[in-house]
Structure formats: structure tokens, C-alpha cells
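Undergrad: Can you keep this structure in mind? I'll have questions shortly.
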Amino acid sequence: MEKSSVIGLTLGIIVILSSMVLKGAHLSFLNNPAAFIVILGGTVAAVFMAFPMRDLKKVGKLFKIVFSKPKLIDRKELIAMFMEWAMITRREGLLALENRVEEVKDPFLYEGMRMIIDGNDQEFVRDVLLEDIAAMEERHQAGAQIFSQAGTYAPTLGVLGAVIGLIAALANLSDVDQLAHAVAAAFVATMLGIFTGYVLWHPIANKLKRLSKYEVETKLMMVEGLLSIQSGISTIAIQQKLSVFLTPEEREELNRREAERREAERAQISEA
């Protein structure tokens with residue numbers, strides 16, 4: 001479970017309910033099926049009008065991504081792996097990586113490994129992998145746009161819900177108390193529209209974009225690592241080249257690990 005998504009949604013609901021109580025608005029006003037139908041049903045209807053079915057079929061998977069713990073690749077471990085492969089390649093050649101290919105779980109990295117082992121031209125490898133990344137990024141953008149558009153539609157539908165409520169309220173002006181209650185209930189739709197738009201749909205779209213950005217950068221890192229191995233550059237050069245994808249804290253930790261590894265190697269040589 002992705003903690004930030006659950007915490008954000010829970011806090012949003014608590015803030016709305018607490019604000020209503022503190023302002024003296026009774027929570028029973030939320031018992032307004034018409035408002036929920038207008039906002040949720042209207043948003044779904046608008047999204048169906050805006051996107052083809054092939055994109056909408058992915059919505060369930062996108063919800064799962066947002067509320068499940070993301071399986072992010074550790075970039076420090078990735079750099080360490082590329083450095084190990086570079087040492088093997090410099091000692092024994094690219095074909096020596098054949099034994100390591102089956103250990104690779106990531107499909108993108110696996111295909112890249114196969115291409116460089118098979119001796120494909122470096123420009124060809126780069127073009128194929130970058131096209132793959134571009135296609136993936138386009139798919140991710142389409143998914144995020146569904147929620148971004150939903151966030152745009154929901155507040156406007158809230159105004160529509162309020163107008164419908166006001167029409168019903170003004171149809172009976174004889175009972176002032178009933179009129180006041182009906183007007184208050186009419187604006188529940190506006191509140192729901194703004195809440196779902198800016199606490200649910202837009203944040204979900206933003207999270208999907210952030211996750212996509214991380215994955216794109218990680219795959220670009222893989223491309224640079226694979227091409228560096230194919231070029232036969234040193235392990236130190238690979239570390240320096242790929243470290244640009246890390247945060248300063250991650251770089252410091254990677255340097256510390258590498259220093260500890262070298263110290264352990266020197267100790268083993270001394271003992272021998």
C-alpha cells in the first residue's frame with residue numbers, strides 16, 4: 001500500500017468533515033445522493049466522452065499503481081551492477097555477459113543486453129531503446145491525462161449540481177425553512193466537485209506523472225549504462241557517468257559503498 005496516497009486521501013476527508021463541523025454545517029447535508037450522482041456520474045460520463053475505450057480500460061490498473069507501493073528500481077544497485085558487468089566485459093569481452101542475461105528481470109534491460117551481446121551497432125541500439133522509452137512515456141501521459149481531465153470536469157459539474165439544486169429549491173418558496181435547507185444542500189454538489197477535482201483527480205494525475213518521470217529517467221540510465229559497456233569504458237567512468245541520475249545523498253552513499261568495496265579488496269590482497 002502506498003502510504004502517501006492513503007494519508008493524503010484520509011487527511012483530505014478529515015479536513016472537509018472537520019471544517020463542516022467547525023462552521024456549524026451539519027454532516028447530514030452530505031446525505032445527498034443527487035449531488036454524488038451529478039459529480040461522480042457526470043465526471044465518469046465526461047471522461048468516457050473524452051477518451052477512447054482502449055485508454056479507459058487502463059483506469060483500474062492506474063488506480064492500483066497509485067494506491068499500491070511502487071516497485072522502483074534502486075539506482076545505486078543498478079550502477080553497481082553496470083560496474084560489475086563492465087569489469088567482466090573488459091576482462092573477457094561482451095560475450096561473457098551471456099551468463100548474466102537470464103538473471104535480468106527487467107524486460108527493457110534484458111532486451112538491451114541481448115542487443116549489445118548480439119553485436120548490434122551502437123546507434124541502432126540507442127535508437128531502438130529510446131523509441132521504446134518514448135512509446136512508454138506516451139502511454140503514461142495518456143493515463144495521467146484521464147485523471148487530469150477528470151479534475152477539470154468535476155468542479156464545473158459541481159456548479160451544474162448547484163444550479164440543479166437551486167432550481168429545485170426555488171420551485172417552492174412558500175416554506176422559508178425548507179428553502180434554506182434546500183439551498184444549503186444545493187451547494188454540496190459544488191463542494192464535492194471541488195473536493196474530488198483538487199484532492200483526488202488532479203493529485204492522482206500528478207503522482208502518475210512523477211512515477212512515470214522516475215521510470216523514464218531510470219530507463220535512460222540503463223541506456224547509458226548499456227552503451228557505456230558496449231564502448232568498453234572503465235568502471236570508474238561508468239560510475240561517474242551514471243551518478244548524474246542520483247541525488248547528492250545517493251551519490252554519497254554510492255561512493256561510500258565503493259570505497260568500502262575497494263578497501264575490502266585491498267585487505268584480501270594483503271592477506272594473500
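The values are calculated or read from the model by the stated rules, or taken from the named source; none is laboratory data. All values reported here derive from a predicted model rather than from experimental measurement. Positions of Cβ are backbone-derived with ideal geometry, glycine not excepted, and every protein chain shown enters the neighbour counts.
Undergrad: Conditions first: (1) within 19 Å of residue 208 (Cα to Cα); (2) modelled with pLDDT under 95; (3) not charged (D, E, K, R). Residue 31 passes all but one, so which condition is the exception?
TA: (1) is the only condition that residue 31 fails.
Undergrad: What's the number of the only condition in (1) surrounded by fewer than 18 Cβ atoms within 10 Å (Cβ to Cβ); (2) touching a residue at least 12 places away in the same chain (Cβ under 8 Å); (3) outside the structural domain of residue 50 (by TED's automatic domain parsing) that residue 213 fails to meet?
TA: Here residue 213 clears every test but (2).
Undergrad: Got a number for residues in the range 50-59 being closer than 11 Å to residue 149 by Cα and in a helix (DSSP H, G or I)? Let's see the steps before the verdict.
TA: First, the residues of the range 50-59 that are closer than 11 Å to residue 149 by Cα: 50-51.
Now drop any that are not in a helix (DSSP H, G or I), which leaves 50.
Within the range 50-59, residues that are closer than 11 Å to residue 149 by Cα and in a helix (DSSP H, G or I) number 1.
Residue-wise test of (1) within 30 Å of residue 245 (Cα to Cα); (2) in the same structural domain as residue 242 (by TED's automatic domain parsing).
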| residue | (1), (2) |
| --- | --- |
| 144 | yes, no |
| 166 | no, no |
| 171 | no, no |
| 185 | no, no |
| 194 | no, no |
| 197 | no, no |
| 222 | yes, yes |
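To keep it simple, each residue is scored yes or no on (1) touching a residue at least 40 places away in the same chain (Cβ under 8 Å); (2) touching a Ser or Thr at 6+ places or on another chain (Cβ under 9 Å); (3) farther than 30 Å from residue 186 by Cβ; (4) not aromatic (Phe, Trp, Tyr).
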{"position": "2", "(1), (2), (3), (4)": "yes, yes, yes, yes"}
{"position": "21", "(1), (2), (3), (4)": "no, no, no, yes"}
{"position": "27", "(1), (2), (3), (4)": "no, no, no, yes"}
{"position": "33", "(1), (2), (3), (4)": "no, no, no, yes"}
{"position": "57", "(1), (2), (3), (4)": "no, no, yes, yes"}
{"position": "64", "(1), (2), (3), (4)": "no, no, yes, yes"}
{"position": "71", "(1), (2), (3), (4)": "no, no, yes, yes"}
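Undergrad: Hey, among 66, 38, which residue is among the β-branched types (Val, Ile, Thr), surrounded by 14 or more Cβ atoms within 10 Å (Cβ to Cβ), within 24 Å of residue 207 (Cβ to Cβ) and in the same structural domain as residue 198 (by TED's automatic domain parsing)? First the steps, then the outcome.
TA: On the way: 38 fails: within 24 Å of residue 207 (Cβ to Cβ).
Being among the β-branched types (Val, Ile, Thr), surrounded by 14 or more Cβ atoms within 10 Å (Cβ to Cβ), within 24 Å of residue 207 (Cβ to Cβ) and in the same structural domain as residue 198 (by TED's automatic domain parsing) holds for just one of 66, 38, which is 66.
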